[in-house]
Structure formats: structure tokens, C-alpha cells
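Everything below concerns the one structure shown next.
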Ligand SMILES: [Zn+2]
């Protein structure tokens, strides 16, 4: 079973867990330190399983921790996914490339200054 957590107000950064149908859980994960909210989605068959409460416990625990840790990086990761063993972070697709402002800040090579 795979459960994905997607930040409310953002689009999934990767495909949703493989399933014919998906179910969005009613109880999202809230960051304990700010207003960030992650909505949980998983395969419909897993969600309606009578073992779901038990089977999902570890998944939810890991996702909660991932959301909490994400607070320190401004919740830049908007999409987490876990199989109950590891949490995968999906970075949000980058915006269209813009000229790199760092280039203008680069100091000229030292050899030029010596001449
Ligand atoms: Zn937060």
C-alpha cells in the first residue's frame, strides 16, 4: 500500500499511487508549526480495506514526520509518498528557467586583478 501526502493548494508533483481509483482521506496532516496542510490520497481498494486502520498507521506516522521536518525548509516539498518503509519526496516541478542572477555576482578571476 502506498499513501501520498500532497500539500493543499498544490498540484501533485508526481503520479499518484498506482490504482484504478483514488480516495482522498478526510483527515489531512497539519504541520504542527504553521498552516501548511497535506491531503492524503491512496488507492481506493486500500482505503476501504478493513485492515486500513492498522495497515496505515506506520504510513501516517512517517508522513507526519516528513511534513514536520519539511517545515524547516519552508515546505518546499509539496508531495510525499510512502510505502510504509521509506518516504519519497517529490520536488515541485521547477518554474521556467530564468537568467541566473548569481552569475553577475561572481568576482572576476583572481589572475585578472593581479595584472
Ligand atoms: Zn510548517
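Derivation of every value follows stated rules applied to the coordinates shown; laboratory data play no part. These numbers come from a predicted model, not from an experiment. FYI the Cβ positions are ideal-geometry reconstructions off the backbone, even for glycines, and counts take in every protein chain you see.
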Review point. If we count other beta carbons within 10 Å of each Cβ, what is the order of 22, 59, 79, fewest first?
Key: 22, 79, 59
Exercise for review: Would you mind ranking 81, 26 by Cβ crowding within 10 Å, fewest neighbours first?
Suggested key: 26, 81
Review point. Once you put a point 7 Å from the Cα of residue 50 and another 7 Å from the Cα of residue 21, both along the Cβ direction, what distance in nm separates them?
Key: 2.0 nm
Revision key, fill the gap. Footprinting proxy, 42, 25: sorted fewest to most Cβ within 10 Å, the residues are 25, 42
